[in-house]
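First up is the structure itself, then whatever we jot down about it.
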Amino acid sequence: MTPDSTAPAREGWPERVASWGEALAMAMLLAMAALVVLQVIARDGFHLGLAWADELARYAGLTIVYLTSPLLLLRNRHVLVDILLNILPARLRIAVECINDVLMVLFGALFLWGGWVYMQRAGRFSTPALGMPNLVFYAPVMLGMVLLFAAAVIRAARQVAKLRRGDLTPPPTDGGIKL
C-alpha cells in the first residue's frame with residue numbers, strides 16, 4: 001500500500017477493515033452506474049422497465065453510503081461543521097470532539113437497536129422485483145452501522161488518550177468537506 005498524505009498517521013485494523021468497505025463501495029458505484037445506464041437505455045430505447053435493475057441500483061446505493069461512512073469518520077473526512085471548533089482552545093476543542101464521538105456511539109447504538117427491531121418484522125419479507133430477502137438487502141446498512149459504531153468508539157478512545165497525554169494537536173482534516 002502506498003503512503004497517502006491524506007491518511008492518518010496510524011493505519012490500524014479499524015482503518016484496514018473500513019478500507020475493505022471502501023473497495024466494495026467503489027465496485028458498487030460502478031455497478032450502480034452501469035445499472036442506471038442500462039435502465040435509461042432499456043426505458044428510452046426499448047420501452048422496457050427493469051424493476052430488478054432499479055432494486056439492484058438501490059442496493060448498491062445503500063452499500064456505498066453505509067460502507068464508506070466508517071472510513072470517513074476514522075479519517076476525519078466526514079461532513080464537518082467546524083466554525084465553532086476552530087475558535088475553541090485546543091483542550092476544549094478535543095473535549096468537544098470527544099463528546100461528539102460519544103454522541104456518535106449513542107446514535108450508532110440506537111440505530112442498531114432500531115434496525116434490529118425493524119428487521120424482526122421486515123426481515124420476513126423480500127424485495128418485490130428480485131425476491132431478495134430483506135435481511136440480505138439491508139445487511140450492508142447493519143454492517144456499516146456496526147463499523148460506524150466501532151469507529152466512533154475508537155475515535156472517542158483516541159481523543160481521551162490524547163487528552164490524557166496532553167497532546168493538543170487537532171486531528172488532520174486533510175481536505176474533507178467543511179461547512
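Some observations on this one:
- Applying both filters, DSSP loop and at most 13 other Cβ atoms within 10 Å, to the trypsin sites (Lys or Arg not before Pro) of the stretch 50-158 gives Arg124.
- Computed from label points 7 Å out along Cα-Cβ, the spacing between Glu22 and Asp54 is 3.4 nm.
- Relative contact order (%) - the chain, alpha-carbon pairs under 8 angstrom, separation at least six: 31
- Seen against the Cα atoms of the chain and their longest principal axis, helix 13-46 is set at about 30 degrees.
- Extension gain, Met132 to Gln120: 0.36 nm times the residue separation minus the Cα-Cα distance gives 2.7 nm.
- Taking every DSSP helix (H) stretch of at least 4 residues in the chain, weighting each as -39,500 (n - 2.57) and dividing the sum by the residue count yields a mean residue ellipticity at 222 nm of -24500 deg cm²/dmol.
- Surface accessible to a 1.4 Å probe, Glu22 within the full protein complex, Å²: 60
- Between the stretch 67-120 and the stretch 135-151, the Cα center-to-center distance that results, in Å: 16
The values are calculated or read from the model by the stated rules, or taken from the named source; none is laboratory data. Please read these numbers as outputs of a predicted model, since none were measured by experiment. As a convention, Cβ positions derive from the backbone with ideal geometry for all residues, glycine included, and neighbour counts pool all protein chains shown. To get the accessible areas, we keep the full protein, side chains included, count just its heavy atoms, and leave off ligands, DNA and RNA. Shrake-Rupley method; radii C 1.70, N 1.55, O 1.52, S 1.80 Å.
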